[in-house]
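Report on one structure; see the data block that follows.
The values are calculated or read from the model by the stated rules, or taken from the named source; none is laboratory data. None of these values were measured; they are calculated from a predicted model. Heads up, the Cβs are rebuilt from the backbone with ideal geometry, glycines too, and the neighbour counts pull from every protein chain shown.
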Amino acid sequence: MVLELRNAKKTFGEGNTLVEALKETNFLVERGELVAVIGPSGSGKSTFLTVAGGLQSPSEGQVMINGKELSQLNEKQRSKIRLQEIGFILQASNLVPFLTVDQQLELLNKVKKNNMSPVEKKQLYEDLGITKLHKKYPSDLSGGERQRVAIAKALFSNSSIILADEPTASLDSDRAFEVMELLQHETKSKQTATIVVTHDTRLMKYFDKVYKMTDGVLELDTTIYE
Ligand code: ADP
Ligand code: MG
């Protein structure tokens, strides 16, 4: 067991402005599993992912990461878990504006151990087609390039959990397939637990399980196995 939500719920506002962004949810992802969450805009996918990764607390219920219940920890301990155990690929890319591509990854070497070796990093850059971009700043990159650098940053840290919000949204089909192959390879070879939020139905063949989000309700989608 790597990541589990128990009766987790997230609401915003109150009274007649109350939004139940994530209705009561039970969810489990194990090592070596690559899981998709699909659903329309506004259905609660990003809320689910950020609650699962401890970026926001559930209004009710629990989130367990590698056996630790997040609400039992203080913010410092939670941020340590996020740093050590979770690789985020978020929609608003989490690149530092004043650092080059290389410096973004170098920063991780300063704050945590067990990142990829220089040889693995070189291969990662090649797999993502960003080798030539290593001295550039985020503002010099296209949307698709920034997205691939964000993916590099998340995978470089060798986290046990990868949480990706629309990681292929700015990529053309070939690149999107390459990125999914890379995520699949990392998930299987390193036995990570990977959750990918996506709209993109072309990618379904890569996933072990597909969940559908509808108005804050997360359900396993069994139709893809028919
Ligand atoms: P998705 O990622 O599927 O597009 P979100 O999780 O971003 O959906 O949003 C789900 C619902 O929760 C939407 O109605 C959205 O407006 C609402 N919501 C999300 N975050 C907040 C917030 N911080 N404050 C108020 N409402 C929010
Ligand atoms: Mg979203």
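Exactly one condition in (1) within 16 Å of Val197 (Cα to Cα); (2) more than 16 Å from ligand 2 (Cβ to nearest atom); (3) at pLDDT below 95; (4) not aromatic (Phe, Trp, Tyr) is not met by Val29; state its number. So the condition that Val29 fails would be (3). What number of residues within the stretch 206-226 are in a strand (DSSP E or B) and exposed (fewer than 15 other Cβ atoms within 10 Å of the Cβ)? Looking only at that region, the number is 3. Report whether or not Pro97 is surrounded by 13 or more Cβ atoms within 10 Å (Cβ to Cβ), of a type outside the set (Lys, Arg) and either in a loop (DSSP other than H, G, I, E, B) or free of Cβ contacts under 8 Å to residues at least 12 places away in the same chain (or both). Criteria not met by Pro97. Filtered by the rule that a residue be over 15 Å from Ser159 (Cα atoms), crowded, with 18+ Cβ neighbours inside 10 Å and in contact with a helix residue (DSSP H, G or I) (Cβ under 6 Å, 6 or more places away or on another chain), the stretch 181-205 gives Val197, Leu203. Applying the set (1) within 16 Å of ligand 2 (Cβ to nearest atom); (2) at pLDDT below 95 to Val37 leaves exactly one unmet item: (2). Just one of the numbered conditions (1) free of Cβ contacts under 8 Å to residues at least 24 places away in the same chain; (2) surrounded by 17 or more Cβ atoms within 10 Å (Cβ to Cβ) is not true of Lys121: (1).
How about the stretch 6-16: which of its residues are on the phi < 0 side of the Ramachandran plot and either more than 14 Å from ligand 1 (Cβ to nearest atom) or not in a strand (DSSP E or B) (or both)? Passing the criteria: Arg6, Glu14, Asn16. Of the numbered criteria (1) under 19 Å from Ser159 (Cα atoms); (2) crowded, with 19+ Cβ neighbours inside 10 Å; (3) within 16 Å of ligand 2 (Cβ to nearest atom), the one Leu55 fails is (2).
Anything in the stretch 59-94 that is within 14 Å of Leu5 (Cα to Cα) and in a loop (DSSP other than H, G, I, E, B)? List them, or say none. Those that are within 14 Å of Leu5 (Cα to Cα) and in a loop (DSSP other than H, G, I, E, B): Ser59, Asn66, Gly67.
Results for (1) more than 11 Å from ligand 1 (Cβ to nearest atom); (2) assigned to a loop (DSSP other than H, G, I, E, B); (3) not β-branched (Val, Ile, Thr), shown as yes or no for each residue.
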{"position": "Ala21", "(1), (2), (3)": "no, no, yes"}
{"position": "Thr25", "(1), (2), (3)": "yes, no, no"}
{"position": "Leu28", "(1), (2), (3)": "yes, no, yes"}
{"position": "Gly32", "(1), (2), (3)": "yes, yes, yes"}
{"position": "Val35", "(1), (2), (3)": "yes, no, no"}
{"position": "Pro40", "(1), (2), (3)": "no, yes, yes"}
{"position": "Ser43", "(1), (2), (3)": "no, yes, yes"}
{"position": "Leu49", "(1), (2), (3)": "no, no, yes"}
{"position": "Ser57", "(1), (2), (3)": "yes, yes, yes"}
